[in-house]
Amino acid sequence: MQIKKLSITLLTFLLTISCFQLNGLKVSAEDTGGDTNTEDIGYYHKPTKDVKKFFGIWLTTGFALQPKAENNVVVGDTITLRTDSARSAIFAAATLDRWAVYQWYKFTPGDKGWTAVSKNDGGKKENLVITGKTANETTYYQLQVRWRNIIINSLAKKIYSQVAAVHTVPYPIDGEEMTVKTDDDYIYSTSFDMAATSTYAHADIIPENYTGNVTWSVDDKSLATIDEDTGLLTAVTKKEVQGTVTVTGTLHNPVGDDLQATTEVRVGQGLEDQTVKAGEEATFAIQGNLGDLEDIDDGGDDGDEGGDGSDGSEYTVKWYRDNPDGSRVQVNKGDELNGALSVTSDPTNMEDDNQSRYQAVINVKLGVINKNYTTNKATLTVIPDGSPDITVNNSITNVEYHDELDSDLHLFGVNEGDKITEESIITNNSGTGILSAASYHVPIRETSTINSVVVDDKELSDDEYKVVTKSKTGTKELVVPNLSFSTKQSHSIQVTSSVGSVDEKETLHTTPYILGQVSTADDYRSDGSEEAITYSTNTIQMNAEDIHFGNINPLSSNKTIYRPDELNEPQNVIEIDDQRRNKNHAEVRAQQDGEFLNSENVKLFGNLTFVNNGTVHDLLENDQLIQSTSEGNSVPSIGWSRENGILLHISDANLTNGNFKTKINWSIVESI
């Protein structure tokens with residue numbers, strides 16, 4: 001009686017577990033007991049639906065790696081059917097079953113039905129090794145997987161793989177074309193079990209009846225590793241791991257050369273940095289094949305576990321933004337529950353958005369299971385949407401002297417030793433474009449020297465600017481380097497220089513400009529307004545015309561000889577440029593310096609006179625006042641009518657042939 005009672009108690013315990021698994025988990029369909037469906041070869045059991053996942057969480061039990069549908073093996077060679085399976089998160093948490101139990105089934109056309117592959121032939125292993133025996137024979141295989149604990153439960157639910165066909169061929173066949181792909185294009189470098197840290201690589205080869213084998217490799221094992229045989233790509237789970245790994249599949253052909261193909265997989269912690277042009281929106285999306293948490297009901301189909309939203313399955317996602325000023329804000333308040341797995345910014349601008357960082361925090365609830373994951377922080381970089389808009393507002397000032405004709409862009413009467421200040425406000429008016437690696441250029445006069453350069457109220461040291469000579473023009477420029485302009489930014493620059501020697505009156509026209517980089521070096525230039533500086537000697541400049549009196553005959557004795565018409569008004573005989581700043585009283589004086597002589601030193605009996613409205617003044621060795629100006633007035637140029645000015649008086653009729661010359665000494669006497 002005691003033994004019988006113990007047996008009843010044990011049976012009740014087993015039935016209780018079985019009922020819990022049947023009613024609570026819906027793990028798999030009932031075993032068919034080996035009944036076969038031979039239409040189109042059929043299967044041992046209807047294959048379990050594809051696995052459903054959300055993020056990296058298995059929502060249903062199934063296969064991560066199915067056995068390859070079509071396989072070819074040469075007689076005497078071996079081939080391996082590889083699989084990988086796992087339980088749903090709910091199933092794993094709610095049952096005592098921990099160990100997977102495998103059973104392969106096979107069917108060869110002509111057989112009465114599907115039969116189990118024996119343990120000796122590897123039928124109890126996850127991966128099945130098959131040896132080709134009979135040429136031109138095809139055998140079909142299907143794997144059954146169930147999970148158990150210490151106590152064997154014959155009613156435990158099962159999942160079934162897709163059917164794999166193995167064709168035995170008499171001779172080897174090379175592959176000719178090859179492509180590779182992965183189940184996911186993004187895997188996570190995190191130790192959190194909620195994120196998908198691995199994915200499988202697959203090869204598509206033409207022709208399909210190739211008999212070679214494929215091996216796998218990666219270019220950077222610091223990002224991810226890969227199983228050489230199965231193609232399982234697994235991220236290196238370190239926080240700092242982020243990048244792109246290249247997966248290479250190599251087909252080892254039995255006769256010809258090997259084939260290779262590649263694909264790329266991103267490795268990271270969920271978010272990718274984004275770069276947009278100013279004015280554009282930026283979208284940050286959680287990476288990977290995320291799936292749909294609400295689509296986990298299998299409609300009663302055998303082999304799938306899990307629940308739908310009505311069973312308490314839900315997720316929340318909170319999106320945060322770390323602003324450049326150090327503040328942190330949640331950007332999706334009120335939309336967390338089953339919210340968007342991406343976030344899009346408002347139209348961006350350089351000031352507020354550049355270098356901000358986005359992060360997502362995800363919580364998933366599956367019944368009593370809660371899982372959390374926090375992504376990395378992804379950086380938003382905002383770049384200009386085009387060229388900047390730089391304006392140069394410039395002006396010049398003579399610190400030492402102000403001429404009544406001076407303006408902001410034209411100085412007059414600038415003398416040697418004057419100090420000139422050139423001031424510029426340089427502004428980027430663009431709200432989107434920036435200028436980097438910029439330099440400010442100011443053309444300067446050859447003999448001028450730089451006294452100081454001040455940028456934004458800070459005086460630069462001598463090694464922070466330079467004076468260069470342009471190779472094409474030979475002119476000098478002051479260059480202020482290392483400037484940059486973000487949007488709506490201004491710089492002020494003040495350059496003070498001393499004027500060098502001035503030998504003649506001249507006007508120098510120059511234009512300051514800004515040079516910088518938008519895409520390539522010095523691809524952007526903006527000119528300021530043209531500046532003009534009129535330099536003067538601070539003296540009276542005088543230029544006297546040669547005076548000639550033509551041919552003289554003996555009848556000209558004791559007569560006055562007049563200038564030719566081209567030396568009379570309106571023509572000036574004396575051109576005067578009064579460049580003095582201080583216009584003191586001044587006199588223009590003239591004196592004949594010696595007699596008229598010819599080349600043989602023969603004397604002409606006559607001399608120059610200065611006639612002023614009938615009054616005659618002898619110029620020979622007499623310093624005669626020609627013109628007088630009062631204080632404050634410029635000395636004008638001098639010209640006369642025919643009867644006035646410097647004339648020639650002939651006093652003797654005894655004239656000798658020849659060209660006679662003398663010299664007039666002109667002087668300007670200025671009162672101090």
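Got a number for residues in region 437-458 being surrounded by 18 or more Cβ atoms within 10 Å (Cβ to Cβ) and either not in a strand (DSSP E or B) or not assigned by TED's automatic domain parsing to the domain that holds S486 (or both)?
Qualifying residue count, region 437-458: 2.
Can you find a residue that is outside any loop (DSSP other than H, G, I, E, B) and in contact with a strand residue (DSSP E or B) (Cβ under 6 Å, 6 or more places away or on another chain) anywhere in region 397-407? First the steps, then the outcome.
Quick first cut of region 397-407, residues outside any loop (DSSP other than H, G, I, E, B) only: 397-398.
Retained after the next criterion (residues that are in contact with a strand residue (DSSP E or B) (Cβ under 6 Å, 6 or more places away or on another chain)): 397-398.
Yes, the conditions are met somewhere in region 397-407.
Please count how many residues of region 508-564 are under 30 Å from A586 (Cα atoms), at pLDDT below 90 and hydroxyl-bearing (S, T, Y).
1
In region 132-151, what residues are within 23 Å of D84 (Cβ to Cβ) and exposed (fewer than 15 other Cβ atoms within 10 Å of the Cβ)?
Our first condition is that a residue be within 23 Å of D84 (Cβ to Cβ); within region 132-151, this holds for 139-149.
Listed by number, the list holds a single entry, N149.
Condition first: β-branched (V, I, T) and at pLDDT 95 or above. Can you find one or more residues in region 291-306 that meet it?
Narrowing region 291-306 to residues β-branched (V, I, T): 296.
Filter once more, keeping what is at pLDDT 95 or above: none.
No, region 291-306 contains no residue that is β-branched (V, I, T) and at pLDDT 95 or above.
Could you tell me whether S356 is surrounded by 12 or more Cβ atoms within 10 Å (Cβ to Cβ), in contact with a helix residue (DSSP H, G or I) (Cβ under 8 Å, 6 or more places away or on another chain) and of a type in the set (G, A, S)? Lay out the reasoning, then the answer.
Details: surrounded by 12 or more Cβ atoms within 10 Å (Cβ to Cβ): yes; in contact with a helix residue (DSSP H, G or I) (Cβ under 8 Å, 6 or more places away or on another chain): no; of a type in the set (G, A, S): yes.
No, not satisfied.
Taking only region 520-562 into account, find how many residues are touching a residue at least 24 places away in the same chain (Cβ under 8 Å) and part of a strand (DSSP E or B).
Residues meeting the conditions: 16.
Only one of (1) part of a strand (DSSP E or B); (2) within 30 Å of N363 (Cα to Cα); (3) among the β-branched types (V, I, T) fails for T246. Which number is that?
The number of the failed condition is (2).
Could you say which residue among Y141, Y105 is of a type outside the set (S, T, N, Q) and within 30 Å of G256 (Cβ to Cβ)?
Values: Y105 fails: within 30 Å of G256 (Cβ to Cβ).
After applying the criteria, what remains is Y141.
Output the strands (runs of 3 or more DSSP E) that fall wholly within region 82-169 and possess 2 or more residues being closer than 19 Å to G62 by Cβ, or say none. Give the steps one after another, and end with the answer.
Details: elements: 84-86, 99-107, 128-131, 137-148, 158-160, 164-169.
Once the strands (runs of 3 or more DSSP E) in region 82-169 are filtered for at least 2 residues that are closer than 19 Å to G62 by Cβ, what remains is 84-86, 99-107, 137-148, 158-160.
Is it the case that some residue within region 363-370 is surrounded by fewer than 19 Cβ atoms within 10 Å (Cβ to Cβ) and assigned to a loop (DSSP other than H, G, I, E, B)? Full working, then the answer.
Let us first name the residues in region 363-370 that are surrounded by fewer than 19 Cβ atoms within 10 Å (Cβ to Cβ), namely 363, 365, 367-370.
Then keep just the ones that are assigned to a loop (DSSP other than H, G, I, E, B); that gives 367-368.
There is at least one residue in region 363-370 that is surrounded by fewer than 19 Cβ atoms within 10 Å (Cβ to Cβ) and assigned to a loop (DSSP other than H, G, I, E, B).
Just to be sure, is T427 farther than 18 Å from L478 by Cα, surrounded by fewer than 16 Cβ atoms within 10 Å (Cβ to Cβ) and of a type outside the set (A, V, I, L, M)?
Here the answer is no, as T427 does not meet what is asked.
Would you check which residues across region 395-408 are surrounded by 15 or more Cβ atoms within 10 Å (Cβ to Cβ) and either closer than 30 Å to D385 by Cα or not β-branched (V, I, T) (or both) and list them?
Once the filter is applied, which keeps residues that are surrounded by 15 or more Cβ atoms within 10 Å (Cβ to Cβ) and either closer than 30 Å to D385 by Cα or not β-branched (V, I, T) (or both), region 395-408 yields S395, N398, Y401, D403, D406.
Residues of region 486-515 being in a strand (DSSP E or B), of a type outside the set (A, V, I, L, M, F, W, C), out of contact with any Asp or Glu (no Cβ under 7 Å at 6 or more places or on another chain) and buried (at least 16 other Cβ atoms within 10 Å of the Cβ), which ones?
The answer is T496, S497, S498.
Could you give every pair whose Cβ atoms fall below 6 Å, whose first residue belongs to region 376-391 and is over 30 Å from E240 (Cα atoms) and in contact (Cβ under 8 Å) with a residue 60 or more places away in the chain, and whose second residue is crowded, with 21+ Cβ neighbours inside 10 Å and of a type in the set (A, V, I, L, M), counting only separations of at least 6 or pairs across chains?
Listed pairs, sorted by first residue: D385/A278; P388/I434; P388/L435; I390/I514.
Taking the criterion of being more than 30 Å from E416 (Cα to Cα), modelled with pLDDT under 90 and not assigned by TED's automatic domain parsing to the domain that holds T421, would at least one residue in region 614-633 satisfy it? Talk me through it step by step, then tell me what you get.
At the first step, the residues of region 614-633 found to be more than 30 Å from E416 (Cα to Cα) are 614-626.
When the remaining residues are screened for being modelled with pLDDT under 90, the result is 621.
Narrowing further to those that are not assigned by TED's automatic domain parsing to the domain that holds T421: 621.
Yes, because at least one residue in region 614-633 is more than 30 Å from E416 (Cα to Cα), modelled with pLDDT under 90 and not assigned by TED's automatic domain parsing to the domain that holds T421.
Check off (1) of a type outside the set (V, I, T); (2) surrounded by 18 or more Cβ atoms within 10 Å (Cβ to Cβ); (3) assigned to a strand (DSSP E or B) for N376 and give me the number that stays unchecked.
(3)
The values are calculated or read from the model by the stated rules, or taken from the named source; none is laboratory data. Quantities reported herein were computed from a predicted structural model and do not represent experimental measurements. Cβ: placed from backbone, ideal geometry, glycine included. Neighbour counts: every protein chain shown.
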